[in-house]
Amino acid sequence: MDYTILVNSTHPLKEKLDIKLVKVKTKYISDRQQLLEQKTCDYFLKLKQAAKQNGYDIEIEDAYRTHEYQQNLFDKISLQDGIEYAQSHVAKPYTSEHEVGLAIDFCIYKNNQYIIAEQLDELEEVRWIHRNCHKFGFILRYPKCKTSITGYSYEPWHIRFVGKQLAIYLFTHNLTLEEYYSNIPTKNVVK
């Protein structure tokens, strides 16, 4: 599995990937079973444990999605909020990192409730995750100040597994995957 794979609107999935998905235990109640790529799951559990040791309760709200599920989600948001909104907030099928099992939309359990999506932005738990997830191979995929580069609005809940070495590099240099791939020749890619 190439953990550094760039998946977005200009780099869509062209072929079906052979991904080893595993079931993820999460306390968050969803309408479907959550799945992740094996190594991504292993490192998320380490991140979750470190968060717990700091008094924070992080859970998976959403993880792997099929192409069909991604299409249905895009269509639903388009009808609900308009096509422009959908295009800046939801990836079309074959352009979502959720389809490769490396992306996690997390939530925080606090005061006997789950806090999701935009409600997360000001929480200390989320700031801790953003400051520390690179130590576990994850990056904040859609940072607030980089929407023109990623093509998506800020998503404080969306982290992406890229492996520890690349995550540390991206965090240290304040780079998105798009910036990384546009500035570094393929032969020098950090893995």
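Values quoted throughout were computed directly from the atomic coordinates according to the rules given, and no laboratory measurement underlies them. What you are looking at is a predicted structure, and each value in this text was computed from that prediction instead of being measured. When we count neighbours, we look across all protein chains shown, and the Cβ atoms used for this are built from the backbone with ideal geometry, even at glycine.
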Going through the cross-link list Lys20/Lys144; Lys25/Lys110; Lys76/Lys110; Lys23/Lys48; Lys16/Lys52, which pairs have a Cα-Cα distance over 27 Å in this structure? Lys20/Lys144; Lys76/Lys110; Lys16/Lys52
Computed P(r) (all Cα pairs; region 44-157; 10 Å bins; percent): 13, 42, 34, 10, 0
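From the helices alone, meaning DSSP H stretches of at least four residues, give me the mean residue ellipticity at 222 nm for the chain, per-run term -39500 (n - 2.57), in deg cm²/dmol to the nearest 500. Don't skip to the answer; put the middle values down first.
Details: 7 runs with 68 residues, N = 191.
It comes out at -10500 deg cm²/dmol, rounded to the nearest 500.
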Quick calc of log₁₀ I(q)/I(0), region 69-109, Debye, one scatterer on every Cα, no solvent, q values 0.25, 0.27, 0.29, 0.34 1/Å, result -0.84, -0.91, -0.96, -1.09
Only Lys, Arg (+1) and Asp, Glu (-1) charged, at Cβ; the chain dipole about Cα centre in debye: 800 debye
What is the log10 of I(q)/I(0) for the chain, computed with the Debye formula using one identical point scatterer on each Cα and no solvent, at q = 0.11, 0.12, 0.18 Å⁻¹? -0.46, -0.55, -1.37
Could you give the distance between the Cα centres of region 53-81 and region 1-37, to the whole Å? 11 Å
Charge dipole of the chain built from unit charges on the beta carbon (Lys, Arg +1; Asp, Glu -1), centred at mean Cα; most positive-end Cα among Gln70, Phe138, Gln34 is Phe138
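Over the chain, what relative contact order in percent results from Cα pairs under 8 Å that are six or more residues apart?
Reported relative contact order: 21 percent.
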In µm²/s, what is D for region 14-58 at 4 °C and 1.567 mPa s, where D = kT/(6 pi eta Rh) by Stokes-Einstein and Rh is the Kirkwood radius from Cα pairs? 107 µm²/s
Using modelled backbone amide H atoms (1.01 Å from N, in-plane), which distant-in-sequence or interchain residues come within less than 5 Å of Tyr28's amide H? Ile60
Output ³J(HN,Hα) for region 124-137: one whole-Hz value per residue in order, computed from phi by the Karplus curve 6.51 cos²θ - 1.76 cosθ + 1.60 with θ = phi - 60°, and x for Gly and Pro. 4, 4, 5, 4, 4, 4, 4, 7, 10, 5, 4, 5, 10, x
Highest average packing first - 138-149, 95-106, Cβ atoms within 10 Å: 95-106, 138-149
Along region 65-74, Karplus-curve 3J(HN,Hα) (6.51, -1.76, 1.60; θ = phi - 60°) to the nearest Hz, with x for Gly and Pro, reads 10, 6, 4, 5, 5, 4, 5, 4, 5, 4
When the Karplus curve 6.51 cos²θ - 1.76 cosθ + 1.60 is applied with θ = phi - 60°, which whole-Hz ³J(HN,Hα) does each residue of region 77-86 get, with x for Gly and Pro? 5, 4, 5, 6, 10, x, 5, 4, 4, 4
